[in-house]
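S.K.: There's a structure below that I have some questions on.
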Amino acid sequence: MKKVNKVSLFCIALIGIVVSLFSFTATQSASPFNVIFLPLTQYQYIGEYVTYFVFWASILLFVYFIVLLLISLFAKKKEKEFLLKNSEGQLVIQAAAIRSLVRQQAEELHFLQNPQVNVKLSNKRQKISCKISGSAYSMSDLPGKSERLSDKVEHLLENMLGVHSENVDLNVLVKAKPKAKKEATKKQGTRVV
């Protein structure tokens, strides 16, 4: 989980706990248990600020849940299949198949170490986008190697689909970064003179 997601979930959980604790103490008389808590407004240092905090926290939670509801209603779903129709029939290709084929081509060229392939499909616009990223084995002729890999993948996808690039929009992006160098640890020894 990303750090931003963890922090936002922590803040929302903390606000939710305080709001629910306030509502619990405010409605404790409805409980069948014989438990009595002081209302949060009667605590010495935080009592006068609790109502303001709960008011603004409940507004923030309300807005957050409205945004979450809108995102869940209108979020674009990720397509897992590419459908190609013509007069002879239709062809359905899984995104995982395209991903593994592109990864295999990237590994065969010995250009990228551990290539990561991200495939986005759009049946509505008849578009396939591939993003290939990884650490380059060698930094020499990096633009040329990237272009060769991009052209090879586009040609391979055109052959696999049996179409030309005017029928289906193919986008291949290659992002290569330098290979991370491991720092050699030097042994510190005593020097005898």
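The values are calculated or read from the model by the stated rules, or taken from the named source; none is laboratory data. Since we're looking at a predicted model, the values are computed, not measured. So basically every Cβ, Gly included, is an ideal-geometry build from the backbone, and we count neighbours across all protein chains shown.
Yes/no matrix, rows are residues, columns are (1) surrounded by 13 or more Cβ atoms within 10 Å (Cβ to Cβ); (2) at pLDDT 75 or above:
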position	(1), (2)
Met1	no, no
Val7	no, yes
Ile12	yes, yes
Ile17	no, yes
Ser20	no, yes
Thr25	yes, yes
Pro32	no, yes
Leu38	no, no
Gln42	no, no
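S.K.: A further question follows. Has the range 94-116 got at least one residue that is part of a strand (DSSP E or B) and either among the small types (Gly, Ala, Ser) or touching a helix residue (DSSP H, G or I) at 6+ places or on another chain (Cβ under 7 Å) (or both)?
M.R.: Narrowing the range 94-116 to residues part of a strand (DSSP E or B): 94, 112-116.
Those still in the list that are either among the small types (Gly, Ala, Ser) or touching a helix residue (DSSP H, G or I) at 6+ places or on another chain (Cβ under 7 Å) (or both) too: 112, 115.
There is at least one residue in the range 94-116 that is part of a strand (DSSP E or B) and either among the small types (Gly, Ala, Ser) or touching a helix residue (DSSP H, G or I) at 6+ places or on another chain (Cβ under 7 Å) (or both).
S.K.: Inspect the range 89-106 for any residue being out of contact with any strand residue (DSSP E or B) (no Cβ under 7 Å at 6 or more places or on another chain), within 17 Å of Leu173 (Cα to Cα) and surrounded by 15 or more Cβ atoms within 10 Å (Cβ to Cβ) and give the result as yes or no.
M.R.: Step one: list which residues in the range 89-106 are out of contact with any strand residue (DSSP E or B) (no Cβ under 7 Å at 6 or more places or on another chain), which gives 89, 96-97, 100-101, 104-105.
So of that shortlist, the ones also within 17 Å of Leu173 (Cα to Cα) come out as 100-101, 104-105.
Subset that is surrounded by 15 or more Cβ atoms within 10 Å (Cβ to Cβ): 101, 105.
There is at least one residue in the range 89-106 that is out of contact with any strand residue (DSSP E or B) (no Cβ under 7 Å at 6 or more places or on another chain), within 17 Å of Leu173 (Cα to Cα) and surrounded by 15 or more Cβ atoms within 10 Å (Cβ to Cβ).
S.K.: Let me ask another. Which of the residues spanning the range 127-155 are closer than 20 Å to Asn86 by Cβ and crowded, with 17+ Cβ neighbours inside 10 Å?
M.R.: Within the range 127-155, Ile128 is the sole residue that qualifies.
S.K.: Can you spot a residue in the range 57-66 that is in contact with a Gly (Cβ under 9 Å, 6 or more places away or on another chain), part of a helix (DSSP H, G or I), of a type in the set (Gly, Ala, Ser) and surrounded by 10 or more Cβ atoms within 10 Å (Cβ to Cβ)?
M.R.: Applying the first criterion (in contact with a Gly (Cβ under 9 Å, 6 or more places away or on another chain)) to the range 57-66 yields 57, 61.
Checking which are part of a helix (DSSP H, G or I) leaves us with 57, 61.
Next cut, of a type in the set (Gly, Ala, Ser) only: 57.
This time we only want the ones that are surrounded by 10 or more Cβ atoms within 10 Å (Cβ to Cβ), so: 57.
Yes - at least one qualifying residue is present in the range 57-66.
S.K.: Would the range 127-136 turn up any residue that is farther than 30 Å from Lys77 by Cα, touching a residue at least 40 places away in the same chain (Cβ under 8 Å), out of contact with any Asp or Glu (no Cβ under 9 Å at 6 or more places or on another chain) and in a loop (DSSP other than H, G, I, E, B)?
M.R.: no
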